[in-house]
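Colleague: If you scroll down you'll find the structure; I have some questions about it.
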Amino acid sequence: MVKIAASILAADFSDLYEAVRKVEKAADSLHFDIMDGHFVPNITFGPDIVRSLRDKVDLPFEAHLMVDNPQEWIVPFARAACDLITVHVETSHHLDRLITLIKKEGVRAGVALNPSTSLGQLEHVLSRVDLVLPMTVNPGFGAQEFLSWVLPKIRTLREIAREKGLSLEIEVDGGINQATAKEVAASGATVLVAGTAVFNANDPKEAIFELKRSCGSLFSR
Ligand code: DX5
Ligand code: ZN
């Protein structure tokens, strides 16, 4: 059963709660793309925005930290009530230490890879994380073109997890829509991050059901 993480990056920030309310009954989690203008050429939002929605939305919250110095942001986002914190392997020399810091906060730990980053960087931490997030766009913006050359990386990751007996979530982020969702799910993804395909749709809730149906994850509403 493929899950959908709705990325609020594509939501109407002028009425964020109203936008999130439309997906609350269909999405499996709310995905916050945290950007600092250094690791990626864009700036989004901080822990206060996450905290402002926490008591109003009945969904798990996940922070995708696209920031330099992620060690400074793990505790603030964990305490803003994120259930999952995902850090980029490219942002630290001490990935294992970051994972320990996340787990010490009692939340799930994810590691993200830019499209050009190889799986090898995860070899020694794979058994410690709950989730791996292979990016299928170069991070920084929503509504980008899906990079299909990342698909073999997703398939290899799923094979490695199977060989090692790891119950690893694979969350694919970037350019997910009706056309790409099926292929990504068939490659071994268990969670799809969708921003534009959801929040730019006339009916965001139905758009999520459509994405699930396109992966064969939902036969009836
Ligand atoms: C990129 C972001 C986006 C976002 C989803 O840095 O991480 O991938 O979550 O964007 P869409 O679904 O619009 O491609
Ligand atoms: Zn993201």
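Colleague: Restricting the first residue to the range 182-200 and requiring it to be under 13 Å from LEU151 (Cβ atoms) and open to solvent by 40 Å² or more (accessible area, probe 1.4 Å), which pairs with a second residue that is modelled with pLDDT of 95 or more and away from ligand 2 (no atom under 16 Å from the Cβ) meet a Cβ separation below 7 Å and a spacing of at least six or different chains?
Modeller: So the pair list comes out as GLU183/LEU151.
Colleague: Next question. Within the range 106-135, can you find the residues that are within 16 Å of ligand 1 (Cβ to nearest atom) and not polar (S, T, N, Q)?
Modeller: Passing the criteria: GLY110, VAL111, ALA112, LEU113, PRO115, LEU131, VAL132, LEU133, PRO134, MET135.
Colleague: Then there's this: For LEU168, indicate whether it is of a type in the set (A, V, I, L, M), in contact (Cβ under 8 Å) with a residue 12 or more places away in the chain, away from ligand 1 (no atom under 15 Å from the Cβ) and touching a helix residue (DSSP H, G or I) at 6+ places or on another chain (Cβ under 6 Å).
Modeller: yes
Colleague: Under 7 Å between Cβ atoms, at least 6 apart or on separate chains: pull out the pairs that start in the range 54-83 with a residue that is farther than 14 Å from VAL111 by Cα and end on any residue that is buried (at least 22 other Cβ atoms within 10 Å of the Cβ) and at pLDDT below 95.
Modeller: Cβ pairs passing all conditions: none.
Colleague: Within the range 169-188, can you find the residues that are under 14 Å from ASP33 (Cβ atoms) and either among the hydroxyl-bearing types (Ser, Thr, Tyr) or part of a loop (DSSP other than H, G, I, E, B) (or both)?
Modeller: Within the range 169-188, GLY174, GLY175, ILE176 qualify.
Colleague: Looking at PRO115 and the list (1) within 14 Å of ligand 2 (Cβ to nearest atom); (2) of a type outside the set (A, V, I, L, M, F, W, C); (3) out of contact with any helix residue (DSSP H, G or I) (no Cβ under 6 Å at 6 or more places or on another chain), which single condition is not satisfied?
Modeller: (3)
Colleague: Which residue is nearest to the chain's Cα centre (by Cα), if the candidates are limited to the range 17-38 and must be open to solvent by 40 Å² or more (accessible area, probe 1.4 Å) and in contact (Cβ under 8 Å) with a residue 60 or more places away in the chain?
Modeller: Only one residue fits best here, namely ASP28.
Colleague: Quick check on this structure: which one of ARG97, ARG51 is under 30 Å from PHE209 (Cα atoms) and either part of a helix (DSSP H, G or I) or modelled with pLDDT under 95 (or both)?
Modeller: ARG51
Colleague: Given (1) more than 17 Å from ALA194 (Cα to Cα); (2) surrounded by 19 or more Cβ atoms within 10 Å (Cβ to Cβ), identify the lone condition not met by ARG128.
Modeller: (2)
The values are calculated or read from the model by the stated rules, or taken from the named source; none is laboratory data. Since we're looking at a predicted model, the values are computed, not measured. Note that each Cβ is placed from the backbone with ideal geometry, even for glycine, and that neighbours are counted across all protein chains shown. Keep in mind that these areas ignore ligands, DNA and RNA; they rest on the heavy atoms of the full protein, side chains included. Shrake-Rupley method; radii C 1.70, N 1.55, O 1.52, S 1.80 Å.
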